[in-house]
Amino acid sequence: MIRDHLRLLFQGGPGFVQIALTNACNARCQFCGFSQIRPEAWVMAEAPRLRHGLALLAAAGVRYVAFTGGEPLLYPHLLDILHEAQALGFRTLLCSNGSLLTKELVAPLAQAGVNHLLISIDAAAAQVHETHRGFPGLCQSLQTLLPEMARRGMTPIASVTISRLWSDFDALGHFLASLGFRAVTFSYPTTAGHWSSGGSDTAASVTFTTTELADIFRRLQSWRRQAPLVVLNPDLGLTELQRQLQGRPVRFPCLAGCKYFYIDWHLDVYCCHILRQPLGVLEDFASLPRKRHTCHACLTDCYRDASVQQYPAVVVAEAWQAVKQGNWGGALRQLLSKENLTALGAAWQSRRWFSLAGH
């Protein structure tokens, strides 16, 4: 295990892949296009190809996989795929709207190695959230299920999209805590003009001016210090997004297409779910080009936050290459750069994803 971690460190850290198992969804969210896809157009990822592809991802240094959708609990082979990921040593995240979760399903999910279960919450009140999703009674169900998930060793995390369905961080925090969540991660709105894997970026509920967004990020930074639950978005990531919105240079490149990838229900591989030019198919993952991009076209949290947190590992890899070329001075300058030292704090904050386990 330690040898594997060291090997991956000198490669820039482990890889992370989001796999959308299906475009099927049973919710009716305003800001997501999945609800507009009729059942006859639903697509499920081919299970044999996916099982083979998971082995290829592991061999290529990927250690973290997030299974998403659509709604992944609609995927008929979910438990088989989760067990395969577990056998290959992945840490797995499952992202769900929670409507299909039952007490009978919690134990099999835990036994299949689900480490973190991200559950979408859209508002600071049960009625607003349930109306938006179309799931009456969902919040009461979650209050019952979350302690069972924690007892089984899973970490339930509230996944909240910044939208006009709520505005008060204090009210939101108290509502999430009342449901039983101990941690929250915020999803940032997609900027206008970018298509998001079946999502709609034109919904009024997630359309903000740059000034509004910068103010929201500032308030989130302030609130996270006294929030009643752990906020997993790194402080430095929020600072960088404010710099971007102010037109200032972004210091940390997005690692999508380098260490992070998105795979859709056709098992096509993309840099991310915003840039819709495929790199190739899952079977060719090992040979697909890895490229450090200078793209700052979106504010997508799963790439931008993670890129800040993994930046020190990328610097270690680049410094190691400099050492192998005899450039010790260059390696030292990279390791001691202001950006790298700044990003160490974000890397340290990422430990909270793991320290929550078992609570």
Handout entry: the stretch 235-260 - residue that is among the charged types (D, E, K, R), more than 25 Å from GLN277 (Cβ to Cβ) and part of a loop (DSSP other than H, G, I, E, B) and, of those, nearest to the chain's Cα centre (by Cα)
Key = ARG251
Handout entry: Criterion: assigned to a helix (DSSP H, G or I) and closer than 20 Å to ALA306 by Cα - qualifying residue of ALA58, ALA110, ALA85
Key = ALA58
Exercise for the section: Determine whether the stretch 64-84 contains at least one residue that is charged (D, E, K, R) and at pLDDT below 95. Expected result: no
Fill in the blank from the handout: Considering the stretch 207-227, residues that are of a type in the set (Val, Ile, Thr) and not in a helix (DSSP H, G or I), and then whichever is nearest to ALA177 (Cα to Cα), we arrive at THR207
Fill in the blank from the handout: Per the list (1) in contact with a strand residue (DSSP E or B) (Cβ under 8 Å, 6 or more places away or on another chain); (2) part of a helix (DSSP H, G or I); (3) modelled with pLDDT under 80, residue check on PHE285 breaks on (3)
Fill in the blank from the handout: Counting only helices (runs of 4 or more DSSP H) entirely within the stretch 296-359, those with at least 3 residues that are modelled with pLDDT of 70 or more and out of contact with any strand residue (DSSP E or B) (no Cβ under 8 Å at 6 or more places or on another chain) are 301-324, 328-335, 338-349
Exercise for the section: Can you give me the number of residues within the stretch 1-23 that are modelled with pLDDT of 85 or more and either farther than 20 Å from GLY53 by Cβ or outside any loop (DSSP other than H, G, I, E, B) (or both)? Expected result: 6
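So that you can scan it fast, the table gives a plain yes or no per residue for (1) under 21 Å from GLY137 (Cβ atoms); (2) buried (at least 22 other Cβ atoms within 10 Å of the Cβ):
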| residue | (1), (2) |
| --- | --- |
| ARG63 | no, no |
| PRO76 | no, no |
| ASP80 | no, no |
| HIS83 | no, no |
| LEU94 | no, yes |
| ASN97 | yes, yes |
| THR102 | yes, no |
Exercise for the section: Of the numbered conditions (1) in contact with a strand residue (DSSP E or B) (Cβ under 9 Å, 6 or more places away or on another chain); (2) hydrophobic (A, V, I, L, M, F, W, C); (3) closer than 18 Å to ARG28 by Cα, ALA126 fails exactly one; give the number of that condition. Expected result: (1)
Exercise for the section: Return a yes/no flag: does the stretch 214-227 have any residue that is of a type outside the set (Phe, Trp, Tyr), surrounded by 15 or more Cβ atoms within 10 Å (Cβ to Cβ), at pLDDT below 90 and in contact with a strand residue (DSSP E or B) (Cβ under 7 Å, 6 or more places away or on another chain). Expected result: no
Problem - Residues that are at pLDDT 90 or above and either touching a His at 6+ places or on another chain (Cβ under 9 Å) or more than 26 Å from LEU179 (Cβ to Cβ) (or both), drawn from the stretch 228-238 - result: PRO228
Problem - Pair list, Cβ < 8 Å and 6+ apart or interchain, from the stretch 234-248 residues that are closer than 14 Å to PHE186 by Cα and touching a residue at least 60 places away in the same chain (Cβ under 8 Å) to residues that are in a loop (DSSP other than H, G, I, E, B) and of a type in the set (D, E, K, R) - result: ASP235/ARG224
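The values are calculated or read from the model by the stated rules, or taken from the named source; none is laboratory data. Bear in mind the structure is a predicted one, so any value in this text is a computation, not a measurement. Cβ atoms come from the backbone with ideal geometry, glycine included; neighbour counts cover every protein chain shown.
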